[in-house]
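Peer 1: I have a structure I would like to understand better, so I am pasting it below and will then ask my questions one at a time.
The values are calculated or read from the model by the stated rules, or taken from the named source; none is laboratory data. Bear in mind that the values here come from a model prediction, so they are computed numbers and not experimental data. Positions of Cβ are backbone-derived with ideal geometry, glycine not excepted, and every protein chain shown enters the neighbour counts. Ligands, DNA and RNA are excluded from the accessible area calculation, which covers all protein heavy atoms including side chains. Shrake-Rupley method; radii C 1.70, N 1.55, O 1.52, S 1.80 Å.
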Amino acid sequence: MTDPDFDHQKLSNRILLGLVLGLVFGVLLNLTVADQDWAKAFLIDGVLAVVGEIFIRFLSMLVVPLVFVSLITGVSSLSDPKKLGRVGGKAVGLYMLTTGIAITLALAAAIIVKPGVGANPTEVVEREIAEQPSFGQVLIEMIPRNPVEAMANGDMLPIIIFAVLLGLSIAMSGTRGQRIGDLFADFNEVIMRLVGFVMLLAPYGVFCLIAGLGATTGWETFLGVLKYVVLVLVMLVIHASVTYSILLKVLAGLNPIVFFKKMRAVLAFAFSTASSGATIPVTLRTVEQRLGADNKVASFTVPLGATINMDGTAIMQGIATGFIAQYFGVDLTLGQYLMVVVMVIMASVGAAGVPGVGLILLAGVLASVGLPAEGIALILGVDRLLDMTRTAVNVSGDATITCIVAKSEGELDESVYYGSRKDSAETKPQSA
Ligand code: ASP
């Protein structure tokens, strides 16, 4: 059977077209029939919601098996286990660095622009306040009590720990390990193919998700907090386009324009699903097959990044903290700002890559500097659009660091990065 993902370029364009048409269709619905019963029942809560949800489920369905199999394949093929420690150290260090840059930029922007001064939120939505887990608890929960339970719950860090340990044991078990390792390598190819199938649904899934959102968003809620919304969006774009481009160029000598061109489809996935976790399969496939990062590095850094690296979320949390302090007329001291930096980095590590979690964890950040957690209610009404955009930034950060770490380890194939997609072992054309 031939590879369904024959033209990635065309598929990326179709996905972007789905996004744009979805937005146009959604806004048209919003302006015309969105509040009529038949449109709600058959279109908005019907076709659009059902197809959108099915698409997200297909993606989510792949995450746990793909991360598990791909990580075992990557780790078990390492000739030198020390490399894993190095890759891990570099990835975690760079993830913390980029989150640190993100929150610093965000706080500086909030202090200069003062989005909370004169804000007039029209919709204040009450929501239960969640407790942020302590650092010790985060550490404990990284170790799975039962790997099957961790997989059933989709808990990424425990799955990563288990797969890494299993991969290392396979690498150290001689010929028996080799047999198991080969089996996982084959399995990995098969699951990647499955990701390709699901990607073919993306133009329709993305269309429905975005149209549903466009039809149901009350755009007038944006007006009272417009300065906040615009500032978050601007800072997200600046961080993605400037910080990541500089890092790619300076640390890895890679052309950032090529990077963002090839990331188009991944960004559309992240934007429309608002979940870096659900986007993992597409991110992993793209960094390996389109950007040339080897599975040994990417299988580890991508799921790890989707869990502990959330620069976009950090930007929203920084600006939101400034916004809420200004709205309530509280002047934060330098020490309190430093506290916000630490808390936001910790929140980014502790948060799972699912929709809306960044706003929930903002409660812990606010509490650490004595701001009322109820302030979250002021910005809840406008969070979905920001969530979508920051998720695209979160995912770009994961892919950026993956390319940088892969390059530094000699595991980035630049002919793939600058060329067309990498063929898998099975589909590679035979040279004459
Ligand atoms: N939705 C974001 C993500 O999945 C997390 C957040 O900021 O809420 O990366």
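Peer 1: How big is the Rg/Rh ratio for segment 247-322, C-alpha atoms only, Rh by Kirkwood, two decimals?
Peer 2: Rounded to two decimals, Rg over Rh is 0.99.
Peer 1: Moving on. Give the residue from T221, I379, A91 lying farthest towards the positive end of the charge dipole for the chain; charges sit on Cβ (+1 for Lys and Arg, -1 for Asp and Glu) and the dipole is referred to the Cα centre.
Peer 2: Positive-end residue among those listed: A91.
Peer 1: Sorted by accessible area with a 1.4 angstrom probe, largest first, how do V33, V297, V242 fall?
Peer 2: In descending accessible area the options line up as V242, V33, V297.
Peer 1: Now for a separate question. Using the Karplus equation 6.51 cos²θ - 1.76 cosθ + 1.60 (θ = phi - 60°), what ³J(HN,Hα) coupling, rounded to whole Hz, does each residue of segment 248-262 give in order, writing x for Gly and Pro?
Peer 2: 4, 5, 6, 7, 10, x, 9, 7, x, 5, 4, 4, 5, 4, 6
Peer 1: Here is a further query. Tell me, what is a quarter of the convex hull surface for the C-alpha atoms of segment 186-269, in nm² with one decimal?
Peer 2: Reported value for the Cα convex hull: 8.3 nm².
Peer 1: Further question: Report, ordered by chain and residue number, the lysines lying within cross-link reach of K261, taken as a straight Cα distance under 17 Å and ignoring same-chain residues fewer than 8 apart.
Peer 2: Excluding near neighbours in sequence, the set is K10, K249, K422.
Peer 1: May I ask for the equivalent-ellipsoid semi-axes of segment 359-409, computed as the square root of five times each C-alpha gyration tensor eigenvalue and listed largest first in whole Å?
Peer 2: 32, 15, 5
Peer 1: Could you report the accessible area of F184 in Å², rounded to 10, computed with a 1.4 Å probe on the protein chains as they sit in the structure?
Peer 2: Its accessible surface works out to 40 Å², give or take rounding.
Peer 1: Let me ask something additional. Using square roots of five times the C-alpha gyration tensor eigenvalues, list the equivalent-ellipsoid semi-axes of segment 168-212 in whole Å, biggest first.
Peer 2: Taking √(5λ) for each eigenvalue gives 38, 10, 4 Å, largest first.
Peer 1: Among I101, I376, what's the order by accessible area (1.4 angstrom probe), most exposed first?
Peer 2: Order by accessible area, largest first: I101, I376.
Peer 1: Which value, in debye to the nearest 20, gives the size of the charge dipole of segment 118-274 about its Cα centre, when Lys and Arg are +1 and Asp and Glu are -1 at the Cβ?
Peer 2: 720 debye
Peer 1: If you average the sequence gap of Cα pairs under 8 Å that are 6 or more apart and divide by the length of segment 200-338, what percent do you get for the contact order?
Peer 2: 24 percent
Peer 1: OK, next. Can you check how the C-alpha radius of gyration of segment 1-101 compares to 2.2 N^0.38 Å, as a plain ratio?
Peer 2: It is 1.69.
Peer 1: Okay, moving on. Given a 10 angstrom Cα cut-off, can you work out which residue in V416, V206, V64 is the most mobile in a GNM of the chain?
Peer 2: With Cα springs under 10 Å in the chain, the top fluctuation among V416, V206, V64 is at V416.
Peer 1: Against the empirical 2.2 N^0.38 Å scaling, what ratio does the C-alpha Rg of segment 279-386 come to?
Peer 2: The reported ratio for this selection is 1.26.
Peer 1: Now a separate question. I'd like the accessible area for D182, computed on protein heavy atoms only with a 1.4 Å probe and all protein chains in place. Round to 10 Å², please.
Peer 2: 80 Å²
Peer 1: Can you give the log10 of the normalised intensity I(q)/I(0) at q = 0.14, 0.15, 0.16, 0.23 Å⁻¹, computed with Debye over equal Cα scatterers of segment 333-424?
Peer 2: -0.69, -0.74, -0.80, -1.19
Peer 1: Using only alpha carbons, build the gyration tensor for segment 36-178 and give me the equivalent ellipsoid semi-axes, biggest first, whole Å.
Peer 2: 39, 27, 15
Peer 1: Using a 1.4 angstrom probe and counting only protein chains, how large is the accessible area of I140 in Å², to 10?
Peer 2: 110 Å²
Peer 1: Sticking with this one: Report the Stokes-Einstein translational diffusion coefficient (µm² s⁻¹, integer) for segment 155-314, Rh taken as the Kirkwood radius over Cα pairs, at 4 °C with viscosity 1.567 mPa s.
Peer 2: The calculation lands on 70 µm²/s.
Peer 1: What is the diffusion coefficient of segment 152-226 in µm²/s, taking the Kirkwood radius over Cα pairs and the Stokes-Einstein relation at 37 °C with a viscosity of 0.692 mPa s?
Peer 2: Approximately 196 µm²/s, per Stokes-Einstein.
Peer 1: Moving on. Taking N as the number of residues in segment 114-242, what is its Cα Rg relative to 2.2 N^0.38 Å?
Peer 2: 1.65
Peer 1: Can you work out the Karplus-derived ³J(HN,Hα) for every residue in segment 64-73? Use 6.51 cos²θ - 1.76 cosθ + 1.60 with θ = phi - 60°, whole Hz, and x for glycine or proline.
Peer 2: 5, x, 5, 4, 4, 5, 5, 5, 4, 4
Peer 1: Let me ask another. Per 10 Å bin, what is the whole-percent P(r) computed from every C-alpha pair distance within the chain?
Peer 2: Going out from 0 Å in 10 Å bins, the chain shows 5, 21, 31, 26, 13, 4, 1, 0 percent.
Peer 1: Moving on. How far apart, in nanometres, would the label points at V20 and K249 be if each is projected 7 angstrom from Cα along the Cα-to-Cβ direction?
Peer 2: 2.7 nm
Peer 1: To continue, here is another question. Go through segment 197-210 residue by residue and turn each phi into a ³J(HN,Hα) via Karplus (6.51, -1.76, 1.60, θ = phi - 60°); whole Hz please, and just put x for glycine and proline.
Peer 2: 4, 5, 4, 5, 7, 4, x, 6, x, 5, 3, 5, 4, 6
Peer 1: Would you list M263, M172 from the most to the least accessible area, probe 1.4 Å?
Peer 2: So the residues, ranked largest to smallest area, are M172, M263.
Peer 1: Here's another thing I want to ask about it. What are the lysines whose alpha-carbon lies under 28 Å from the alpha-carbon of K227, with same-chain residues fewer than 8 places away excluded?
Peer 2: K114
Peer 1: Check the straight Cα-Cα distances from K82 and name the lysines below 25 Å, setting aside those fewer than 8 residues away within the same chain.
Peer 2: K82 reaches K90, K296, K407.
Peer 1: Please compute the modelled spin-label separation between L31 and N120, points set 7 Å along Cα→Cβ, answer in nm with one decimal.
Peer 2: Computed distance between label sites N120 and L31 equals 2.5 nm.
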